[in-house]
Ligand SMILES: CC(C)(COP(=O)(O)OP(=O)(O)OC[C@H]1O[C@@H](n2cnc3c(N)ncnc32)[C@H](O)[C@@H]1OP(=O)(O)O)[C@@H](O)C(=O)NCCC(=O)NCCS
C-alpha cells in the first residue's frame, strides 16, 4: 500500500510485496544520472520491496535497491544499498539498528485482533442494513 504523498518515480519497475506499506512522503526513486559522463545519461534501475516491509515517512529508496522481507526503513532514512530481511534501518545512509521479530505480524498473537473482528462484523451489519 502506498500512502498519500508517496513519490513513486517509476522510470524503472517498482515491485511492492504483499503486506508492505510505504508511508507518507516517502520517495521511491528508480532513476539517477551518470555524473561521470559528459552527456549526463539517465540511469534507471528497478526497486524491489518484498512482503511485509515498512518504508516509513519521508524515507528515500534509491535506484536498484532491493528490500528483503519484513525490513523496516525508518522515517527520513536513506537506502542506497540493499536491506536485509527482518531488520530495522535508520539514518542516512541507512544502517541496521536491530532485528525485527517475525512475530511482529503474527495476527493470531495480537490482542486487538478480536476487537478488529467484532468491528468488522458490525461494519458488515451496518453495510447490510443500508442496502435497499
Ligand atoms: C524505526 C521506528 C519504527 C522505531 O523502531 P524501534 O525498533 O522501536 O526503534 P527505537 O525507537 O528503539 O530506536 C532504535 C534506535 O534508532 C534510532 N532511530 C529510530 N528511528 C530513527 C529515525 N527515523 N532516524 C534516525 N534514528 C532513528 C533511535 O534513536 C535509537 O537510537 P539509540 O539506540 O542510539 O537510542 C521509528 O523510529 C520510525 O521511524 N517510525 C516511523 C514513523 C512514521 O513514519 N510515521 C508515519 C506513518 S504512521
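Since every read-out is calculated from the coordinates, none of them should be taken as a lab result. Quantities reported herein were computed from a predicted structural model and do not represent experimental measurements. FYI the Cβ positions are ideal-geometry reconstructions off the backbone, even for glycines, and counts take in every protein chain you see.
What the table shows:
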{"item": "Label-zone membership for the range 1-23, site residue 105, 7 angstrom Cα→C-beta point, backbone N under 19 Å", "result": "1-3, 14-23"}
{"item": "Equivalent ellipsoid semi-axes, the range 7-101, via Cα gyration tensor eigenvalues times 5, rooted, Å", "result": "23, 14, 11"}
{"item": "Within the range 26-70: backbone nitrogen closer than 15 Å to the residue 97 label point (7 Å, Cα to C-beta)", "result": "54-60"}
{"item": "FRET efficiency, 1/(1 + (r/R0)^6) with R0 25 Å, evaluated for residue 84 and residue 34 via beta carbons", "result": "0.35"}
{"item": "Proxy reagent accessibility, fewest Cβ within 10 Å first, across 73, 2, 107", "result": "107, 2, 73"}
{"item": "Paramagnetic label zone (point 7 Å from Cα along Cα-to-C-beta, residue 69; backbone N under 12 Å) in the range 81-96", "result": "85-86"}
